[in-house]
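Data block below; observations after.
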Amino acid sequence: MKNFNYKNPTKILFGEGEIANLSNEIPKNAKILMLYGGGSIKRNGIYEQVTEALKGYTITEFGGIPANPEYEVLLEAVAIIKEKQLDYILAVGGGSVIDGAKFIAAAVKYEGNEAWDLLAKREEIKAALPIATVLTLPATGSEMNPRFVISRRATKEKLSFASPLLFPTVSVLDPSVIRTLPERQLANGIADSFMHTLEQYMTYPVGGLLQDRFAEGILQTLKEIGTRVLQQPTDYEAASNFMWCCTMALNDLIAQGVPSDWGIHAIGHELTALHGIDHARTLAIIAPRYYEHCFEDKKEKLAQYAERVWGITDGTMTEKAKQGITKTEKFFQSLGIETKLSNYTNAYEGTAEEIAQRFTERGWLGLGEHRSVTPENVMSIVKNTY
Ligand code: NZQ
Ligand code: ZN
């Protein structure tokens, strides 16, 4: 196992009814900007629960953060915070709203000219406003991690960044919120958290026995409850396990002491930027073809995964590893997620070249745990998804 330093400062309030306890966590004199998305919280009772819990607080609302949070919209929220001298952000939503909150929290304190540079030039974040979150969509893990991913539609870019200053102070995880999620978003959440786990697991063995078991535990649980969640989002037991899996998949615990490979996410973000495909679905498109490309490097872990998560005990290591890839693709399909780019867009020609060129321009010359996946390799991986 490799050396590591690990600190996760986010406090979690988990369970039905916990939104009511928000006021124990947010300072009474906080001047809050409450962020939310396109309005689902106003239709499912979450808005009422939050405003009831925070009676007596000074709250300014800012709704309309779109899925794949848009830079230009977030800048409007930055301007409101500055104008009204607000000092606390409450994000009520899924990954898009929470990521948006993180960007806003940093952009308000940013002293350069163009806040986009935080992402484009990866400038160190030196200060940020505190953030609390009420999660309404289990998927990204953003509620307990320091990362954010922001889109800029004008330039078809989607970039991610992180800072230890951006861990939410507190996050409320009430599993009953999934009752109103459309099947598409439930499937996205299962696939995204499954892939977060795999990105931190599917490399090569380093003797991180416990980390492997943590990761396999999350994968097995998602596999076990996936259909239940889709068919019966009112099943509280399934919802609770689903929500906690998503958080645990990307609060960095399972990554400690082991290599990781975020290559599938890096390529997937480009498919969202270029074609507007849901984040989780881009991962389902790329993952099988990426693992085929990196087969030799990942075969031991692929075989271990096939054996422990999918119960495949027959065959050689190579045969089991191949089965691991097939099972993964079939799992996504069983959730109703298509795994070919052409299932989502007719304009797929040229995508591979465009992504390879972008990676070259950005200096992303080697993805993967060995930094060995070149832009040319990326081009062939993406071509194989057509
Ligand atoms: O906008 P509203 O009206 O709220 O509707 C949302 C949105 O349309 C809806 N929704 C959310 N909660 C609901 C609900 N509908 C009914 N009932 C509820 N309880 O769901 C739609 C999608 O929401 P969104 O927040 O976009 O989804 P998700 O949580 O999957 O977030 C995706 C974003 O997170 C980024 C992705 O790239 C993408 O931009 N990611 C962030 C990560 C991180 N910060 O660590 C890691 C991930 O890998 C990912 O990249
Ligand atoms: Zn993801």
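For the reader, a short list of remarks on this structure follows.
- D117 versus S160: modelled label distance in nm, points set 7 Å from Cα along the beta carbon direction: 2.5 nm
- Among beta bridges that DSSP assigns inside the chain, antiparallel share in %, nearest 5: 25 percent
- Net dipole in debye of region 234-386 [+1 Lys, Arg Cβ; -1 Asp, Glu Cβ; about Cα centre; nearest 20]: 140 debye
- For K298, the lysines whose Cα comes closer than 17 Å to its Cα, not counting residues fewer than 8 places off in the same chain, are K320, K322, K327.
- Annotation: aspartates and glutamates with alpha-carbon distance below 19 angstrom to K340 (same-chain offsets under eight excluded): D192, E270, D278, E292, E329, E349, E353, E354.
- Cross-link pairs beyond the 25 Å C-alpha cut-off, checked among K11/K31; K121/K383; K156/K301; K102/K330; K42/K102: K121/K383; K156/K301; K102/K330
- FRET efficiency estimate (nearest 0.05) - Cβ-Cβ, R153 to T326, R0 45 angstrom: 0.80
- Aspartates and glutamates whose Cα lies under 12 Å from that of K126, excluding same-chain neighbours fewer than 8 positions away: E111
- Lys, Arg +1 and Asp, Glu -1 on Cβ, resulting dipole of the chain about Cα centre, debye, nearest 20: 220 debye
- Extreme residue, positive dipole direction of region 193-308, given options C245, A266, T203 (C-beta unit charges): C245
- Here the 3J(HN,Hα) profile of region 118-131, calculated from phi with Karplus coefficients 6.51, -1.76 and 1.60 at θ = phi - 60°, is 3, 8, 5, 9, 6, 6, 4, 8, 9, 7, 7, 6, x, 10 Hz, Gly and Pro shown as x.
- Between N24 and L365, the contour length at 0.36 nm per residue exceeds the Cα-Cα span by 118.0 nm.
- Each Cα pair under 8 Å and six or more residues apart adds its sequence gap; the mean of these over the residue count of the chain is a relative contact order of 15 percent.
- Relative to the Cα centre, the charge distribution of region 115-186, modelled as +1 at Lys and Arg Cβ and -1 at Asp and Glu Cβ, gives a dipole magnitude of about 300 debye.
- Amide H to amide H distances under 5 Å link L173 with L13, F14, G15, where only residues 5 or more positions off or on other chains count and H is placed in the peptide plane.
- Qualifying GluC sites (Glu not before Pro) in region 66-123, where qualification requires a DSSP coil assignment and no more than 16 other C-beta atoms within 10 Å, comprise E111, E114, E123.
- Calculated mean residue ellipticity at 222 nm for the chain: -14500 deg cm²/dmol, from DSSP H runs with n ≥ 4 weighted as -39500 (n - 2.57), summed, divided by the residue count and rounded to 500.
- Take the Cβ atoms of S334 and E124, set R0 to 41 Å, and the FRET efficiency comes out at 0.45.
- Share of Cα-Cα pairs in the chain lying beyond 34 Å, as whole percent: 26 percent
- In this rough spin-label picture, where each label sits 7 Å from Cα along the Cβ direction, the N8-E300 distance is 2.6 nm.
Bear in mind that the values in this text are calculations on the coordinates, not laboratory data. Just so you know, these numbers come straight off a predicted model, no measurement behind them. Positions of Cβ are generated from backbone atoms using ideal geometry, with glycine treated the same way; all protein chains shown enter the neighbour counts.
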